[in-house]
Amino acid sequence: MNAENILTIGIDYRIVHGGVAAVENVYSTFYKPFNHVTTVVDGGQVNKLFILCRAFFQFLGWMLFRPQIEIVHVHGASNASFWRKRIFIYIAKLFGKKVVFHSHGAEFQMFTIKYKKAVIKTLNKCDCIIALSKSWKLWFENTIHHKNVVVVKNVIAPPHINKEKNDKFVILFFGRLGKRKGIYDILDVLSEHREEFLNKLEFLFGGDGDVEQVQAIIREQNLNNIAKYQGWVSGIKKERLLNQADAYILPSYNEGLPISVLEAMSYSLPIISTTVGGIPEILKNNENGFIMEPGDKIAIYHAISKLMANEAMTKRMGENSLNKVQEHLPDYVARQLQTLYDSLV
């Protein structure tokens, strides 16, 4: 399958803001030209509506005047993303195209419970569903009853290693600040054990979301010397923080397969995370980090304490992380994607 035969529908991948954009950004390096229609960008509702209308007419142009397009690869999630992408899925099928729905949403299961009839009808128009892990594949097969669900590894860019030595033990967190990603559980642990962690631990975190609420808790609990907000993190700044960190934490309540965890693994970091989504497939307890049930703050504390106290274990777990993440690097995923495309035409 050649690049000119594939059209991708998704987010503005040129500005990497979140996991989906990061995946599309790496995919753009696989194929030249990378045919792409952007259906959403960051900004206000008026701007988003304009972008969607523009995408509709761009997509019609591709369908009408580019007969060489054989496959439409749709990157989608739940909520507004699903309803937007549904339009393009239906149009693509009207033009006789093969459609791949690439599911990224951590909350897609809950969304499906609410809109099950629409989800099943739409996804069964697709020729293939890409799931991010084996557990998500089983869910799509059992819930959507689709006959062609394949796992394509979530891809990450190759790391740029330039490790830094720290006086303190540095734990890193990237993601939307809020209950779903577990940031409040982390702050509770830091607050309860503040005296133990003071001058020994540094928690660096970046993202958007509940920024003001999180910073207010840090002030109220006198955590300013431990927890330090880094703003939205991407590019060179992200690479610097990953090189600076000793461990990565993401105690989420639901997930797909987090890009941030995979990126941290590629920088040889042990992971502290939870038994949700595809995480158990890449994180093994006491092997490349620690895994626990969502909300288990005692387990979060013990995981942090063990890593802080044992440099050799931290290094060993980090090396195991690096070994486990090799199948998520571009060369491997590009071959997976090519095999999938070839199977459809």
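The numbers here are math on the coordinates, done by the rules we state, and not lab data. Computed from a predicted structure; not experimentally measured. Cβ sites come from the backbone with ideal geometry, for glycine too, and all protein chains shown count toward neighbours.
In the chain, the longest principal axis of the Cα atoms and the axis of helix 183-192 are about 0 degrees apart. Phi-derived couplings, Karplus 6.51 cos²θ - 1.76 cosθ + 1.60 at θ = phi - 60°, listed residue by residue for the stretch 38-45: 8, 9, 7, 9, 5, x, x, 5 Hz, with x used for Gly and Pro.
Roughly speaking, what is the centre-to-centre gap between the stretch 211-251 and the stretch 165-189 when only Cα atoms are used, to the nearest Å? The distance from the Cα centre of the stretch 211-251 to that of the stretch 165-189 comes to 6 Å. Taking the fewest neighbouring Cβ atoms within 10 Å as the starting point, the ordered list for T39, T339 is T339, T39. For K134, the aspartates and glutamates whose Cα falls under 13 Å of its own Cα, not counting residues fewer than eight places away in the same chain, are E281. The alpha-carbon of K168 sits under 29 angstrom from the alpha-carbons of these lysines, leaving out residues fewer than 8 places away in its chain: K179, K181, K200, K228, K237, K238, K284, K297, K306, K315, K324. Here the relative contact order of the chain, from alpha carbon pairs under 8 Å that lie six or more residues apart, stands at 15 percent. Could you give the distance between the Cα centres of the stretch 267-345 and the stretch 47-87, to the whole Å? Taking the Cα centre of each part, the stretch 267-345 and the stretch 47-87 sit 33 Å apart. The share of Cα pairs per 5 Å bin across the stretch 169-327, counted from zero up to the longest distance, runs 2, 10, 21, 24, 24, 14, 5, 1, 0 percent.
With the convex hull drawn around the C-alpha atoms of the chain, the volume per residue stands at 128 Å³. Annotation: amide H-H contacts under 5 Å for L201 (H modelled 1.01 Å from N, sequence separation of 5 or more, or interchain): F169. Over the stretch 169-327, Cα pairs under 8 Å with separation of 6+ residues give a relative contact order of 24 percent.
3J(HN,Hα) couplings calculated from phi for the stretch 120-130 with the Karplus curve 6.51 cos²θ - 1.76 cosθ + 1.60 (θ = phi - 60°) are, in sequence order, 4, 4, 5, 5, 7, 7, 7, 7, 7, 10, 9 Hz; Gly and Pro show x.
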